[in-house]
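*Asks:* This structure is in structure tokens; I'll ask about it shortly.
Nothing in this text is a laboratory measurement; each read-out follows from the coordinates by a stated rule. What you are looking at is a predicted structure, and each value in this text was computed from that prediction instead of being measured. Don't worry about glycine lacking a Cβ; one is built from the backbone with ideal geometry, like all the others, and counts go over all protein chains shown.
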Amino acid sequence: MKTTIYYFSGTGNSLKVAKDIVAKLKDTEIIQICKNTVVNNYVAGNKIGIVFPVYSFGMPLLVKEFIESVEIPKDAYVFTIVTFGAAAGAAIDQLEKLLNYKGLELSAAFKMKMPGNYQVMYAPFSEEKQKKDFKNEEGKITEIVRSINNNEIIKFSGVGESIMKAVGGMLYTRFKPYEKDKNFWTDEKCNGCGICSKVCPANNIKMIEEKPQWQHKCEQCVACMQWCPKESIQYKKVTVNRGRYHHPDVVVTEIFQK
């Protein structure tokens, strides 16, 4: 049975997970979730994977749009892998509800801790902590692939998960990413290369007179800031002295919107 994996990734964590799954599965296609895939209204196969990061304890808005637009067979085996630096929050619950609304079931859900990458709030994880998360990811991939191959039904339940769903759902209500891009700016190191525009999954950055201009449809993936080769993109004043992060096994051209 052919497997199609759809992924959303700003700094490469979710893409790395998707690529590692593909490397161990047979007959698998991988497709980026971005503005173009939402517009193109993809038709999915009978075994579907959805890999995405947790934003503000919930789903990225583009992932929600994609799930609402994609056509998935009613009998499909649908699994998800959510990546996060802190907790999955309400992300899995939100995806399951979106699928249920379309008459579909979420067959299996997996959680994958990866290095935090929201540098508008905190500094990058230490190299030691990053390596620990990378090692953990390697081990979990084998387990996940085995479950997918066996079409296992894996649900998250229990008191702890219920609390995380509730708390995550409340925190997610404050997730309003679109207008936050007004806080991005470029310092004197910007050379007008345009990479920030190419990595933006929302087509939210236009290059005007060789400088990026944000169009207020931001996803807060911070790909523009993290992949800037000159580290010239800042968020308010808080990122001026903070480092940057993107997954070391992903190259910038893989993030470009397809």
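*Asks:* For region 1-51, which positions are in contact with an Asp or Glu (Cβ under 8 Å, 6 or more places away or on another chain) and either within 13 Å of Q257 (Cβ to Cβ) or among the aromatic types (F, W, Y) (or both)?
*Replies:* Listed by number, the residues that qualify are G10, L15, V38, Y42.
*Asks:* Taking the conditions exactly as written (touching a Pro at 6+ places or on another chain (Cβ under 9 Å) and part of a loop (DSSP other than H, G, I, E, B)), does S14 satisfy them or not? Write out each step before concluding.
*Replies:* On the way: touching a Pro at 6+ places or on another chain (Cβ under 9 Å): yes; part of a loop (DSSP other than H, G, I, E, B): no.
So S14 fails the test.
*Asks:* For region 186-205, what are the residues that are surrounded by 15 or more Cβ atoms within 10 Å (Cβ to Cβ) and under 24 Å from P53 (Cβ atoms)?
*Replies:* Across region 186-205, the qualifying residues are I195, C196, S197, K198, V199, C200, P201, A202, N204, I205.
*Asks:* Do you know which of the residues in region 1-36 that are among the polar types (S, T, N, Q) and in contact (Cβ under 8 Å) with a residue 60 or more places away in the chain is nearest to K131 (Cα to Cα)?
*Replies:* Of the residues in region 1-36, the ones among the polar types (S, T, N, Q) are 3-4, 9, 11, 13-14, 28, 32, 36.
Add one more test, that the residue is in contact (Cβ under 8 Å) with a residue 60 or more places away in the chain, and what stays is 3, 9, 11, 13-14, 32, 36.
Working: T3: 29, S9: 19, T11: 16, N13: 13, S14: 16, Q32: 25, N36: 33 Å.
The qualifying residue nearest to K131 (Cα to Cα) is N13.
*Asks:* Out of all the residues in region 54-79, which are free of Cβ contacts under 8 Å to residues at least 60 places away in the same chain, outside any helix (DSSP H, G or I) and of a type outside the set (A, V, I, L, M, F, W, C)?
*Replies:* E71, P73, K74, D75
*Asks:* Which residues, taken from region 206-246, are assigned to a loop (DSSP other than H, G, I, E, B) and loosely packed, with under 13 Cβ neighbours inside 10 Å?
*Replies:* Taking region 206-246 first, the residues assigned to a loop (DSSP other than H, G, I, E, B) are 209-210, 215-222, 228-232, 236-246.
Passing the criteria: E209, E210, H216, P229, K236, K237, V240, N241, G243.
*Asks:* Quick one: would you say M114 is buried (at least 20 other Cβ atoms within 10 Å of the Cβ), closer than 23 Å to E137 by Cβ, in contact (Cβ under 8 Å) with a residue 24 or more places away in the chain and touching a Gly at 6+ places or on another chain (Cβ under 9 Å)?
*Replies:* On the way: buried (at least 20 other Cβ atoms within 10 Å of the Cβ): yes; closer than 23 Å to E137 by Cβ: yes; in contact (Cβ under 8 Å) with a residue 24 or more places away in the chain: yes; touching a Gly at 6+ places or on another chain (Cβ under 9 Å): yes.
Answer is yes for this residue.
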